[in-house]
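Please read the structure below before turning to the comments.
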Amino acid sequence: MVPLDRKVRRAKVLWRRAGDRILIRRPGDDEVVVLTDSAVALWETLAAETTVGERVAAAAGSAPETVGADVQAALGTLLARRVVETP
């Protein structure tokens with residue numbers, strides 16, 4: 001399980017919004033990570049100074065424990081693809 005502590009976007013990751021999606025690519029890597037739906041909101045919250053759980057819950061208008069499992073799964077994927085990190 002991925003802890004919902006502070007996570008940030010990696011500094012050298014390239015990303016762009018394309019309509020209702022966000023496209024992410026690490027320099028030197030041909031793979032493009034495509035975010036949709038609630039993963040877009042998650043990506044947008046990764047620039048703030050609070051914990052991921054607090055940010056996503058606030059954006060969703062829910063308690064952190066309500067969105068926790070979904071956020072942990074999404075963060076696990078983003079960490080595995082090395083587009084976010086723990087500072």
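The values are calculated or read from the model by the stated rules, or taken from the named source; none is laboratory data. All values derive from a computational prediction rather than experimental measurement. Cβ atoms come from the backbone with ideal geometry, glycine included; neighbour counts cover every protein chain shown. Calculation scope for accessible area: heavy atoms of the full protein, side chains included, ligands and nucleic acids excluded. Shrake-Rupley method; radii C 1.70, N 1.55, O 1.52, S 1.80 Å.
Structure summary
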item	result
Loop-located trypsin sites (Lys or Arg not before Pro) in region 18-82 whose Cβ has at most 16 other Cβ within 10 Å (DSSP)	ARG81, ARG82
The chain, accessible surface, carbon-and-sulfur percent (1.4 angstrom probe)	53 percent
GNM result for the chain, Cα springs below 10 Å: residue of ALA18, ALA41, ALA74 fluctuating most strongly	ALA18
Solvent-accessible ranking of THR51, THR66, largest area first, probe 1.4 Å	THR66, THR51
Selected from ALA63, THR77, VAL52, residue furthest toward positive end of dipole (region 37-84; charges at beta carbon)	THR77
Candidates per GluC sites (Glu not before Pro) in region 1-75, loop by DSSP, up to 13 other Cβ within 10 Å	GLU31, GLU49
Cβ charges +1 (Lys, Arg) and -1 (Asp, Glu), total dipole of the chain, debye	420 debye
For the chain, the spread of Cα positions along each principal axis, largest first, Å	37, 28, 21
